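Chemist: Mind looking over this structure? Questions follow.
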Amino acid sequence: MASFRKHTNGSWEYRIRYKDRKSNKYKEKSKRGFKTKKEAQLAAAQVEMEIDYYGFAEDGDEKTDTYFESWLEIYKKPNVKPITYSLQERNVRLNILPRWGDYKLKEINRNEYQKWINELKGHYSEGTVRRIHSINTALNDAVYEFRILRENPVTRINIPKDTMTNKVIKFFTIEELNKFLNKIKEPQKKSKYQHSIQYYALFSLIARTGLRIGEALALTWDDINFEENTLTVNKTLVYPTNSTPYLSTPKSKASLRTIKLDENTAHIMKKHKINRNEVVLKYKNYKRPETNIIFFQHDGRWLRTNVVREYFKEVCKRAGLPILSPHALRHSHAVHLLEAGVNIKYVSERLGHSSIKMTADTYLHVTKKIEDQAMDLYLRYTSI
């Protein structure tokens, strides 16, 4: 029921008392500044109708930083993988709150938000911008779960597409890859554990299988069947910054896979297994791990992903190659398979991609080359 009163400055105010269905408590909503009582009555009638429909009055006065803290704790932390939560928390902390943290939820403006997204696209890839756009999910929960907003102001925001230059992937040619692997085998005088061939085995394995670095570091000897020369991927190593590493399920269901090892790679892994035992015996401070993990540091724990990346860069420098990351070995494997004429469906399954389209889109320059070659073959055949 609405009540009205006129202030000394001549303006009118409405005040509505109602029972909030969410909390089951009585609340009030008021607004002043109307020139006439009629204007106040019309505005109050609209609000009463909306309260009757939605069961609550729109407020949105909660600060964005306060809201996101609740959203992460209540709706995300219990329901997603720790690594996913870590990425979402980092995204909120580093991207969303610096820009929107001082805003009230109701102050987030669609046009202003779209402009911000457009600006982000000038600095990040399309995928990164989409991850930053997780504010959309949070505001949906503000509408449908927390019931503190009537509508989400950032639904159906346009994320600018990547251009071809944005989507260029980095990989080694066959010649560069061989140069890289040969450089690792060269003995280093200053190396503390010169007898170890661990990094040669690790990088050879990734380059010949297309494994993600986390999948490779999580492997145990039980995952390799030397009789059939196959390797099973059923876990990944997550190494959060300043936190304890842990094993998690792979990136997607498609990432659960068993792939074939070529004879040379299988031979390298057999040699690495023997070498691991030799290294533990040769160096007094080298510990055998409690589990049968394939790759481990001198204290018996998993190899650290940041250490692997730094070593990779050092080898690139020594070999006079572009300074890439270990993920370039995965890209290299995919590109080399496609250039060799291997069926794209096989390549997609071997990489653990969720769809063939993802593989085709990622390696567009190669698949385009294959299409052109196929068309040339067709034209030659039909012109006979």
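The numbers here are math on the coordinates, done by the rules we state, and not lab data. These numbers come from a predicted model, not from an experiment. Cβ atoms come from the backbone with ideal geometry, glycine included; neighbour counts cover every protein chain shown.
Chemist: Fewest first, what order do Ile356, Ile293 take by the number of other Cβ atoms within 10 Å? Before the final figure, lay out the partial values.
Modeler: Numbers: Ile356 15, Ile293 20.
Listing Ile356, Ile293 from fewest to most nearby Cβ atoms yields Ile356, Ile293.
Chemist: Taking the Cα of Arg318, stepping 7 Å toward and past its beta carbon, and measuring to each backbone N in segment 168-186: which are under 14 Å?
Modeler: Zone members listed by number: 179-186.
Chemist: Could you work out how much longer the chain between Lys253 and Lys77 gets when fully extended? Use 0.36 nm per residue separation minus the Cα distance between them, nm to one decimal.
Modeler: Details: separation 176, 0.36 × 176 = 63.36 nm, distance 2.14 nm.
Once the chain is fully extended between Lys253 and Lys77, it gains 61.2 nm.
Chemist: Sticking with this one: Find the lysine pairs in segment 204-327 meeting two conditions, Cα atoms under 21 Å apart and a separation of 8 or more places or different chains, and report how many there are.
Modeler: 15
Chemist: Still on this structure, please answer the following. Per residue of segment 198-214, what does 6.51 cos²θ - 1.76 cosθ + 1.60 with θ = phi - 60° give for ³J(HN,Hα)? Whole Hz please, x for Gly and Pro, Karplus curve as stated.
Modeler: 4, 5, 5, 5, 4, 6, 5, 4, 5, 5, 9, 10, x, 5, 6, 4, x
Chemist: So if we plug the beta-carbon distance of Lys260 and Lys345 into 1/(1 + (r/R0)^6) with R0 = 22 Å, what FRET efficiency do we get, rounded to 0.05?
Modeler: Efficiency, from the Cβ-Cβ distance: 0.90.
Chemist: From the residues Trp221, Phe146, Gly10, which one has its Cα farthest along the dipole of the chain in the positive direction, the dipole being from +1 and -1 charges on Cβ of Lys/Arg and Asp/Glu about the Cα centre?
Modeler: In the chain, that residue is Gly10.
Chemist: Of the labelled options (i) -0.23, -0.42, -1.46; (ii) -0.40, -0.62, -1.37; (iii) -0.32, -0.54, -1.36, which one gives log10 I(q)/I(0) by the Debye sum over Cα atoms at q = 0.06, 0.08, 0.15 Å⁻¹ as computed for this structure?
Modeler: (ii)
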